[in-house]
Amino acid sequence: MTKSFQYVAVLVALGCLFCGCEKQTSPAPVATQEQTPVTGTIVAVGDSLTAGYGLNEADAYPAQLEKKLRAAGYRWRVVNAGISGETSSGALSRVAWVLRLKPDIVILETGANDGLRGIDPQVTKKNIAEIVRILKEQQVTVVLAGMRMVTSMGREYTSAFAAIYPELAKQYDLILIPFFLQGVAGDPGLNQSDGLHPVAGGYRIIADMIYPYVLQAGVKK
Amino acid sequence: MFNARLLFRQIRGAVRQSTVFVLCVALSVVTLVSLGSFSRSVHSSLLRDARVLHAADIILSSHSPFSPALTQAVAGAEQRHELTTARVYEFYSVVRAMDNKASLLSDLKVVAPGYPFYGSVKLASGRAFSTVLAAGSVIVEQQLLDRLHLRLGDRLRIGSTVLTIRDIVEAEPDRPVNLFALGPRIFVAAADLAALKLVGTGSRVNYSILVKVNDQQGIDRVAKELGRSAVKGRERVETYRTASSGVKRFFDNLLFFLNLIGIFTLLLAGIGIQSSLAALLQEQERTIAIMKALGAGSRFIFRHYIAVALMLGLVGTLCGLVASFLLQMLLPELFSGLLPDSVELTISGSAVAEGLILGFMVVFLFTILPIYRLRELKPRAIFGKDEQRLVRNRPVWFTAGAVLLFLLVMVVWRIREVKTGLYFVFGVCTLILVSLLCAEGIMWLLRQQQPRNLILRQALKGLFRPGNATRSTIVTLTASLAVIFSITLVEKNLDTTFVQSYPPSSPNLYFIDIQPGQKADFARLLNIDTIYYPIVRGSVIAVNGVQVDREKERQKRSDNLGREFNLTYRDQLLQDERIVAGGALFRKEWSGLQVSVLDTVLKMRDLHIGDTITFRIQGLPLSARITSIRTSSRQALQPYFYFVFPDQDLKDAPQTYFAAVRVDRQRIASLQNRIVTRFPNVTVINLTETVAIFARIMEKLSTIIRFFTLFSVIAGVLIVVSSVIATRTARIREAVFYTILGARSRFVLATFAAENLFLGLASAASALVLAQTGSWIICRFALEVPCQPFAAVSLAMVLTTTLLIIAVGLAASLSVLRAKPAVFLREQAEE
């Protein structure tokens, strides 16, 4: 790492420190959520793209979405239930746990890790279908985040992969976000140096993009 | 000048001491010469290896296409003929067999002609890589053929094109040990890159440009220039020298340790030289006194004994050089497989010169004092009046200072660090001081003893008989045994950390992402008895209520609290774990959630028993108190967990299972195919090659370390021999008196044995205490590896050295006992 980069890194760190100070005037977010009465709960289920790999939780999209909702007067809480590295099989295994959070809406973003490991898209599709089925059984509204696979995996694979999301949305009558990383993927300025995970700015775009779909899913004041 | 006949006669008269002296000198020369040539070979081959590991002088890499600025900078330098480049694209892609439609995730590497600039890609056919990898062909790993049921000549659909499998890759230079490849390697020629249609917008590719600099002196300059054009934080510019590698750190440790052994061996050999010469001179005290009485001047005596020392030193050095040459024939055998075959382990002229000069310096430094002190010997010593000579005078301090300075220069020269040199010298001073204190303490303790047993009582008295060098013997033994014990302990610790962590039986197949519902079926299919570790993913959000700043944490280069952790639950320790704080894994009497923490976490944050860590497990905060801190002997490649919860606490949390097993190479492909068919979500990671390579290298290394440790052990044995021999004259006299007084030889033997038992046990025990402290310090601070006490080994070392001391002492006295006392008395009278 070069000197100047370290310098930039320190500046970034300092910047975050100030953000942190600002926030610390009010109690920790966890406590706020427990104490203030909320109208409803959105659970963001997903992988590292939901968890906000490498970032503070406040910078990941669920926290930004909650902030946006609250600013607009919606007293909803958005729980970040993202797990880095999780495949759709993992997501399926923990549906029961997700239900314990008593969600009204679930934003389901999964499958990217299946794709990166070359898992047969039909496996991913079956898993997501099962997750959706269980959630719907419990009267949870599902917003499905569409995902695309990196083109280097091969066209045959990527087209099969991308197709599963609209197919599922149609089959189960879900609200579909066409592509979760729309406008963010591939932009070096909006992603971390690994070229995969968004930075805070990238998540701002994602939160803005998701916002109308969440309203469509029935967020009420 | 001096009398040659006298010289030879004297050497012949003290053949034991002379032999020890010669051996000590020879040993120091052998150590220096072989270590010197070994480190030179390792150093040069390491640099060469580093270049091979990167296949280039400079490597540019990025996760996105290179910026125009950097591309132009490279093109400009290429036009000026400063460098040659080869582009490399690495990415995963799903490839398909043409006929049976089976597909497989593979690790593609598209390379331009010229790759690799250093090292070579080894193919099964033995052909040259560049001639095989033409447009339209691919070279694959055997694994791919097994998994897809293909053969050479079959066709493979990759991206939008179809390529033919031409050969099998066995090794590639810049992928020495790729820990977590998700699929087998496929080499594709850059000419086919466009036809693949896999690299472009929306693809995930590791882009690199390998650079070979035409003027080898200019590597750093060129790298710096290119670095200026690179986008900071996104495009990396590294030379083969700057690129960090765990291998380098390991070799640094190894060379550091070997150099330390070498210098210590030198010190030990020096002590051996000094004590054998002192013994020699002591035996000749009367001769010297007579010479003085007959008018020989101090200067003559000084010159004469310097000649004796030089004579013996020369013989020793020559022996050492011959031994080094002989060793050189053995070394390639010892190092084969570790160093590239191209490295020639020959003794260079400089190594010989170095050995000669250092050998001479060691002889000079360690002989000057005993010889110089002959000046103080008065002719009246003829009458056998032993007198205590003054120890604390200027020459002693002067010599001690010179020896320390010599050591400092040696360390700085060999390890190239003044700080380490100062630490070393400080350590040696402390060692000698503490040894002195130990000797005083031991002698005080022994003096207090009044054993009933006559043999023991006589033995104790014997230790304090006039002229018996008990104090200096204890100091010498304690100090040198402490060094040897420390070296052995450090070697054991290095062995445990690096070598034994890669046993050939290490697991080679890892299964991740087994879902709870699949566990039973999976276990049935795998049919190998193994542990299924439950894994719950979670992150640490606060410690004692204070939030963890993830971004700040992640900026630390070392492991940190900012990442997500694999949590697990179980109620007992793993085989290789033990509790270091907190007593038990969990506490029944505590209410609320509990967690046990691995000691590694303490490096990221200072934590104590009773502290509260708040985790976030999929959106839910969960606070747990620390009940215990564990440590793990951490066999590499064996799973370990930072945070362990009690069984009931996490059982219901979302989890997956992980398993690691050992499977024979032949069975892997079919097993992998069965698992992927039945459990498509389970990812199998095959580490067979990695484990095999590591196990092989580590075993070699342990042989090398043991080999060089042997030198110091031999030095130690020589010291024991010489210091026991040093007390021989006094013993002979004593044995004679005992015999005259009617004692049987068994009594005399028992007394001598008991005397050596006291001497040996006391020195060895105090040496062990010093060694344990020393090895702990070296392991913790110099090598940064975990340190264990090795109780059994320690006990064995103490017992072995004590037995050795007794045995050497008895062997030296045996001839005395066989002789008739009258003979000795007559000889004494004649003198």
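Read-outs throughout are calculated quantities, based only on the coordinates presented, and are distinct from any laboratory measurement. Bear in mind the structure is a predicted one, so any value in this text is a computation, not a measurement. Positions of Cβ are generated from backbone atoms using ideal geometry, with glycine treated the same way; all protein chains shown enter the neighbour counts.
Listed by chain and number, the lysines whose C-alpha is less than 25 Å from the C-alpha of B:K292, apart from same-chain residues fewer than 8 away, are B:K378, B:K385. When the Cα positions of A:A71, B:L32, A:V132 are compared along the charge dipole of the protein assembly as shown, B:L32 comes out farthest toward the positive end, with charges on each C-beta of Lys, Arg, Asp and Glu.
With angles folded into 0 to 90 degrees, how steeply does helix B:4-13 sit against the dominant principal axis of chain B? Use alpha carbons for both and round to 10. Tilt relative to chain B: about 80 degrees.
Think of each Lys and Arg Cβ as +1 and each Asp and Glu Cβ as -1; about the Cα centre, that makes the dipole of the protein assembly as shown roughly 2820 debye. Against the main long axis of the alpha-carbon atoms of chain B, helix B:470-494 sits at an angle near 10°. The gain in end-to-end length when the B:S623 to B:V162 segment is fully stretched comes to 160.4 nm, 0.36 nm per residue minus the alpha carbon separation. Paramagnetic label reach from B:L422 (point 7 Å along Cα→Cβ; backbone nitrogen cut-off under 17 Å): within region B:772-796, residues B:782. Candidate cross-link partners of B:K197 among the lysines, defined by an alpha-carbon separation under 18 Å and a same-chain spacing of 8 or more, comprise B:K109.
Could you line up B:V785, B:V110 from fewest to most neighbouring Cβ atoms inside 10 Å? Display every interim value, and only then the final one.
On the way: B:V785 16, B:V110 24.
By the 10 Å Cβ count, ascending: B:V785, B:V110.
Subtracting the Cα-Cα distance of B:T677 and B:T703 from 0.36 nm times their residue separation leaves 5.0 nm of extension gain. Full extension of the chain between B:A796 and B:I685 yields a length gain of 35.7 nm, computed as 0.36 nm times the residue separation minus the alpha carbon distance. Inter-chain Cβ neighbour count for B:534-543, averaged per residue, equals 3 (cutoff 10 Å, partner chain atoms only). Using the Cα centre of the protein assembly as shown as origin and beta-carbon charges of +1 (Lys, Arg) and -1 (Asp, Glu), tell me which of A:W97, B:S591, A:A60 is placed farthest towards the positive end of the dipole. Final value for the positive-end residue is B:S591. When the Cα positions of B:V684, B:L573, B:M797 are compared along the charge dipole of chain B, B:M797 comes out farthest toward the positive end, with charges on each C-beta of Lys, Arg, Asp and Glu.
For peptide B:194-202, compute the average count of partner chain beta-carbon atoms within 10 Å of each residue's beta-carbon. Display every interim value, and only then the final one.
On the way: counts 0, 0, 2, 4, 7, 2, 2, 3, 8.
Rounded to a whole number, the mean comes out at 3.
Against the main long axis of the alpha-carbon atoms of chain B, helix B:394-415 sits at an angle near 20°. When only the Cβ of Lys, Arg, Asp and Glu is charged (+1, +1, -1, -1), the dipole of region B:579-637 relative to its Cα centre reaches about 120 debye. Between B:L602 and B:Q666, the modelled labels are 4.8 nm apart [label points 7 Å from Cα along Cα→Cβ].
At a Cβ-Cβ separation cutoff of 4.7 angstrom, cysteine residues of chain B with no neighbouring cysteine are B:C24, B:C319, B:C429, B:C438.
About the centre of its Cα atoms, region B:534-615 shows a dipole size close to 180 debye [charges on the beta carbon of Lys, Arg (+1) and Asp, Glu (-1) only; nearest 20 debye]. Helical runs assigned H by DSSP (4 residues or longer) give chain B a calculated mean residue ellipticity at 222 nm of -18000 deg cm²/dmol, each run adding -39500 (n - 2.57) before division by the residue total. Prolate is the label for the protein assembly as shown, because the ratio a/c of its alpha-carbon gyration tensor axes (a ≥ b ≥ c) is 1.5 or higher and a/b is greater than b/c. FRET efficiency for the B:A102 to B:Q572 pair, using the beta carbon distance and R₀ = 51 Å, is estimated at 0.75. Listing B:R678, B:R157 from fewest to most neighbouring C-beta atoms within 10 Å gives B:R678, B:R157.
Listed cross-link partners B:K419/B:K603; A:K102/A:K125; A:K68/B:K603; B:K101/B:K212 are compared with a 30 Å cut-off, the Cα-Cα value being larger for A:K68/B:K603; B:K101/B:K212. Among the residues of A:93-106, the average count of other protein chain beta-carbon atoms within 10 Å of the residue beta-carbon is 3.
Cα gyration tensor of region B:744-811, axes a ≥ b ≥ c as square roots of the eigenvalues: rounded (a/c below 1.5), prolate (a/b > b/c) or oblate? Prolate is the answer for region B:744-811, as a/c is 1.5 or above and a/b outweighs b/c.
Remark: spin-label model distance B:I290-B:A400 equals 3.6 nm, labels positioned 7 Å along the Cα→Cβ axis. In this simple spin-label model, placing a label point 7 Å from the Cα along the Cα-to-Cβ direction at both B:V713 and B:R40 gives a separation of 2.8 nm. Residue order for B:F256, B:F643, fewest other beta carbons within 10 angstrom first, comes to B:F256, B:F643.
Just to verify a number: FRET efficiency for B:R524 and A:R75, C-beta to C-beta distance, R0 = 56 Å, to 0.05? After rounding to 0.05, the efficiency reads 0.65.
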